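Colleague: Questions regarding the structure given below will be posed in turn.
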Amino acid sequence: MRYKPLSFIIIIVAFLFIAFDSSQFLRSQTLALTDKMKIWVSSTQDSIKLAYEKYLHQASTIETYKKELQDYTKTQLELQALQTRFEELSDFIKQKAPENPDFISTRAFSYVGIGDYNRIWLDFDIAPYPKSKIFGIVQNGNAIGIATIKNNRLMGLLNGDENCSYAVYIGDQKTPAIIRYDSSDPEKILADFIPSWLKINLGDEVKTSGLDGIFTPGIPVGQITSITQNYGYITAEVSPYAKKNHLDYMWLVDTKIIQMDFDPPPPARDTKR
């Protein structure tokens, strides 16, 4: 009994084999069905392979786009930072940059007092300027003094006057100093309050620094002729380029810079180096 189903299956298979072998129609239909199955399997494999390659390509493209997006975002942030710095710098320049200086012609028409050759009255309209305004005075390209408003007139204080002071640089190293009068020699002036740790030399040229808002930088003043060591700083004697024996037409320097009161400390006792 137990072999009966197996015998039945064998009989069916044998019958189909005989029928397939003897029937041309059945054989052709079976082969056609088999070909369709092969084609479907092959097409399915190709579709799966194509989908897989497409997925890999998309994944690679997505990674590339991600990297490009990161690079773009970084560049965008860097540009934004540069733009911000540029705008800040532009605002700073607009707020802090002084106007172009004016060089205004003037003329000396008299001394302020008899026998005082360091003070002159200048022909100039002071109405547009504040009472505290200080001008630099230049003659023949050299700094010759400063001008202040006194009794509603413009008074020139020439090199050698006790109230004539302005900021200078000495030599190629641009050592800072303050010009003031030399009480021992009216033909010369002093470059004073030079830091003692800085080096200056005989023959060094002295020029305006412009840091006091009186002169523009680089106007020649004179040459160092002697050097004295004081307590904590150096004083240098300067032979000025500008001469005071022909006072006529001169230039006033208006730097357009807000100025502070300029009162250097009193000179200290000298000790020769």
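The values are calculated or read from the model by the stated rules, or taken from the named source; none is laboratory data. From a predicted model like this one, the values you see are computed outputs, not experimental measurements. Every residue, glycine as well, gets a Cβ built from its backbone with ideal geometry; the counts of neighbours run over all protein chains shown. Heavy atoms of the whole protein, side chains included, go into the accessibility calculation; ligands, DNA and RNA do not. Shrake-Rupley method; radii C 1.70, N 1.55, O 1.52, S 1.80 Å.
Colleague: Peptides 203-211, 134-142: what's the order by average Cβ count within 10 Å, highest mean first? Working shown, then result.
Modeller: Details: 203-211: 18.9, 134-142: 20.6.
In decreasing order of mean packing, 203-211, 134-142 become 134-142, 203-211.
Colleague: Which FRET efficiency value, to the nearest 0.05, do you get for Lys131 and Tyr249 by plugging their Cβ-Cβ distance into 1/(1 + (r/R0)^6) with R0 = 25 Å? Show your work: numbers first, answer last.
Modeller: Numbers: r = 25 Å, r/R0 = 1.01.
Here the calculated transfer efficiency is 0.50.
Colleague: Could you work out the local net charge near Trp121, counting Lys and Arg as +1, Asp and Glu as -1, over the other residues with Cβ closer than 12 Å to its Cβ? Before the final figure, lay out each step's value.
Modeller: Values: positive: Arg107, Arg119, Lys150, Arg153; negative: Asp116, Asp123.
With Lys, Arg at +1 and Asp, Glu at -1, the net is +2.
Colleague: Moving to a separate point now. Taking a probe of 1.4 Å, how large is the accessible area per residue of the range 94-179, in Å²? If you can, show how the numbers build up before the last one.
Modeller: Values: 4650 Å² over 86 residues.
With all protein chains present, the range 94-179 gives 54 Å² per residue.
Colleague: Sorting check: for 171-177, 247-253, which peptide has the highest mean count of neighbouring beta carbons within 10 Å, and how do the rest follow?
Modeller: Values: 171-177: 15.7, 247-253: 17.6.
Per-residue Cβ counts within 10 Å, averaged per peptide and sorted highest first, yield 247-253, 171-177.
Colleague: Please work out how much length the chain gains when fully extended from Gln83 to Leu50, using 0.36 nm per residue of separation minus the C-alpha to C-alpha distance, in nm with one decimal. Let's see the in-between values first.
Modeller: Numbers: separation 33, 0.36 × 33 = 11.88 nm, distance 4.76 nm.
Gain in length upon complete extension: 7.1 nm.
Colleague: What's the local net charge at Leu154, with K and R +1, D and E -1, over the other residues with C-beta under 13 Å away?
Modeller: Details: positive: Arg107, Arg119, Lys131, Lys133, Lys150, Arg153; negative: Asp123, Asp125, Asp254.
Combined, the nearby Lys, Arg, Asp and Glu give +3.
Colleague: Beta carbons within 10 angstrom, averaged per residue: use that to sort the peptides 150-157, 117-124, highest first.
Modeller: Values: 150-157: 16.2, 117-124: 18.2.
Ranking the peptides 150-157, 117-124 by packing returns 117-124, 150-157.
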